[in-house]
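The values are calculated or read from the model by the stated rules, or taken from the named source; none is laboratory data. Computed from a predicted model, the values in this text were never measured in an experiment. Quick reminder, even Gly has a Cβ in these numbers, built from the backbone with ideal geometry, and neighbours come from all protein chains shown. Heads up: the accessible areas ignore ligands, DNA and RNA and are worked out on the full protein's heavy atoms, side chains in. Shrake-Rupley method; radii C 1.70, N 1.55, O 1.52, S 1.80 Å.
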Amino acid sequence: MGYMYIPYSSWHELVGEVIEVGSKVKKTKVGDRVGVGAVVGACHDCDNCNNDLEIYCPKMVLTYSSIYHDGTVTYVGFSDTMVANERYIVHFPDNMPLDGGAPLLCAGITMYSPLKYFGLAEPGKHVGIVGLGGLGHVGVKFAKAFGAKVTVISTSPSKKDEALKQFGADSFLVSRDHDQMQAAMGTFDGIIDTVSAVHAISPLIDLLKSHGKLIMVGAPDKPLELPVYPLLMGTKEIGGRQCNWAMKETQEIIDFAAKHNIIAEIEVISMDYVNTAMKRLAKNDVRYRFVIDVGNTLAATKP
């Protein structure tokens with residue numbers, strides 16, 4: 001086990017410094033800059049665990065609202081210290097800011113993993129990112145780092161300048177503009193859909209080339225209508241990619257992000273601002289991730 005001090009938390013993404021290690025710990029040492037993501041336990045004995053896919057383990061333990069092996073409840077990152085099994089500790093390179101890197105333990109892996117898994121992490125691929133939010137803006141950065149041509153697809157024309165100038169997207173498509181959508185039909189190798197609201201996916205399928213892929217990473221709370229005929233006519237695919245919090249790939253994405261200077265766009269807040277932040281989230285009033293300054297907030301309350 002490792003004992004870490006947590007200066008920053010993005011709910012279930014905790015980052016900080018190792019301050020103590022157990023006698024059998026080999027992966028980390030005191031003083032290391034590290035993070036812990038959404039998974040803190042699994043059986044370590046099933047096929048999934050043996051293939052570095054802890055997230056699919058039937059006994060997987062989340063960092064939040066789960067029961068740990070000792071019977072205690074996991075309470076996410078609202079404390080300034082935690083104890084973690086070394087298997088679930090991710091090392092942060094020296095050039096990776098802890099605050100801007102924290103959301104990559106969730107948003108980063110959520111976008112990086114499908115780009116790799118579905119064959120879109122290649123130079124020259126035309127990749128669409130639906131939604132320029134907490135997931136989408138990170139997806140643009142990763143896709144560009146892989147050398148892809150990136151188009152942001154959004155209902156909000158006001159986000160065009162951010163997409164092109166701030167995040168480096170190659171083009172911007174307003175999904176409510178029929179002419180723009182018509183002109184872009186059949187031009188995408190793959191599209192990653194980050195939208196969690198109920199929405200039509202037929203127009204997105206039409207944007208795909210033959211053998212193109214529409215990958216869902218958002219999670220609408222109601223079923224979406226699935227048009228089958230457009231899939232048949234172009235041998236197109238629809239797939240999903242769960243937040244792949246497998247530890248081997250999580251370390252891979254943090255190393256890749258550090259190499260390419262990728263961080264999340266964040267707003268650092270204090271613990272006492274959390275309720276206000278939740279209200280702002282409900283109004284989509286954040287650019288683009290809140291990160292809680294746990295260390296300084298709790299330090300200010302101590303005598």
message: Restricting things to Cα coordinates, could you compute the convex hull volume per residue of the range 1-91 in Å³?
response: 94 Å³
statement: Dipole check, the chain, charges on Cβ (K,R +1; D,E -1), about Cα centroid: among 169, 219, 18 the Cα furthest to the positive pole belongs to 169
query: For residue 284, what is the net charge nearby, where nearby means another residue's Cβ is under 15 Å from its Cβ and Lys, Arg count +1, Asp, Glu -1?
result: +2
- request: Take the Cα coordinates of the range 65-220, assign each an equal point scatterer, and use the Debye formula without solvent to give log10 I(q)/I(0) at q = 0.17, 0.21 Å⁻¹.
  value: -0.97, -1.34
message: Please give me, ordered by residue number, the trypsin sites (Lys or Arg not before Pro) of the range 91-177 that lie in loop per DSSP and have at most 14 other Cβ atoms within 10 Å.
response: 176
statement: The helix 107-117 Cα axis meets the longest alpha-carbon principal axis of the chain at an angle in degrees, between 0 and 90 and rounded to 10, of 60 degrees
query: By how many degrees, between 0 and 90 and to the nearest 10, does the Cα long axis of helix 247-259 differ from the longest principal axis of the chain?
result: 80 degrees
task: Leaving ligands, DNA and RNA out of it, report the carbon-plus-sulfur percent of the accessible area of the range 73-213 at a 1.4 Å probe.
output: 52 percent
- request: Check the straight Cα-Cα distances from residue 26 and name the aspartates and glutamates below 20 Å, setting aside those fewer than 8 residues away within the same chain.
  value: 17, 45, 52, 54, 86, 94, 249, 252, 255
- prompt: Structure shown: which of 149/209; 116/222; 144/259; 209/236; 141/259 lie over 19 Å apart, alpha-carbon to alpha-carbon?
  reply: 116/222
task: With a 1.4 Å probe and every protein chain left in place, work out the accessible area per residue of the range 58-103 in Å², rounded to a whole number.
output: 48 Å²
task: With the cut-off at 22 Å, report for the range 1-153 the share of all Cα pairs above it, as a whole percent.
output: 48 percent
task: Taking only the C-alpha atoms, wrap a convex hull around the chain and report its volume per residue in Å³ as a whole number.
output: 148 Å³
statement: Here, trypsin sites (Lys or Arg not before Pro) of the range 254-303 satisfying both criteria (DSSP loop; at most 13 other Cβ within 10 Å) are 283
